Every structure is written in C-alpha cells, then in structure tokens.
C-alpha cells in the first residue's frame, strides 16, 4: 500500500485522488498500521482522500481533504466516484472491501 501511494504521488501535472479500503489482513496491528497509513497520506498531500472502512472512523488524525465512509454502499450513496471524475484516481484496498465494484460502476 505504501509503495503504491508513493508511486502515485510522483505522477506529475494532475489532480490526484485516492480511494482506500481497509487493510483487512493485518491482525492485531491493524489500528496502528492504519494510523501510519493516514500519516503517509497527510505527508504526500493528495488533493482528495476517500477512506472506506469502519477502522478509519475512529482515527483522530484524518487529513482535511478526506472523507470517511463505513462501507462502499455508503460511499456510492454519497455519489461514489462521480465527484472524482476530473481527477486521476488510485483505488486500493483488501479484496474484502469490494472496491472492484467501483470499477464496474465506472464502466456502466
């Protein structure tokens, strides 16, 4: 996840948004790793950050440019990727988040 974010941040001349789901495979270190991820997001300075998953709702250090949704359904109810259509978008998360459904919505 961290490498993907750094690589994406290095893309030039474009407005960037990231849509991140929870990292479900972390076990007992999940909260700490998600906080580290949020810190990285702040440092990389993306234009817009969408965080999908209940673990993000408890974070105290969310970037101002972020929106948090408990699941993909709530994100879609709020407009989904439509609000990001003028941006270059990175979508990343554990398979259990179902983020591939966002791609299906784009193809319709």
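Derivation of every value follows stated rules applied to the coordinates shown; laboratory data play no part. The shown structure was predicted, so the numbers you read here are calculated from the model rather than taken from an experiment. As a convention, Cβ positions derive from the backbone with ideal geometry for all residues, glycine included, and neighbour counts pool all protein chains shown.
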message: Report the Cα centroid-to-centroid distance between region 1-18 and region 28-101 in angstrom, as an integer.
response: 14
Estimated FRET transfer efficiency (residue 43, residue 95; beta-carbon r; R0 41 Å; 0.05): 0.95
- request: Please tell me the relative contact order of the chain in percent, rounded to the nearest whole number, where contacts are Cα pairs under 8 Å and at least six residues apart.
  value: 35
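So between residue 33 and residue 1, what do we pick up on full extension, going 0.36 nm a residue minus the alpha carbon distance? Please report the intermediate quantities before stating the final value.
On the way: separation 32, 0.36 × 32 = 11.52 nm, distance 1.06 nm.
Extra length from residue 33 to residue 1 when fully extended: 10.5 nm.
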statement: Residue-normalised 222 nm signal for the chain, counting each DSSP H run of n ≥ 4 as -39,500 (n - 2.57), nearest 500 deg cm²/dmol, is -10000 deg cm²/dmol
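Kindly identify region 27-80 as rounded, prolate or oblate by the Cα gyration tensor criterion: order the square roots of the eigenvalues as a ≥ b ≥ c, call it rounded if a/c is under 1.5, otherwise compare a/b with b/c, prolate if a/b is larger, else oblate. Please list the in-between numbers first.
Numbers: a/c = 2.45, a/b = 1.21, b/c = 2.03.
It is oblate, given that a/c is not under 1.5 and a/b is not larger than b/c.
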message: Give me the one-decimal Kirkwood hydrodynamic radius in Å for the chain, with the sum taken over alpha-carbon pairs.
response: 14.1
task: Classify region 53-96 as rounded, prolate or oblate, taking a ≥ b ≥ c as the square roots of the eigenvalues of its Cα gyration tensor: rounded when a/c is under 1.5, otherwise prolate if a/b is larger than b/c and oblate if not.
output: prolate
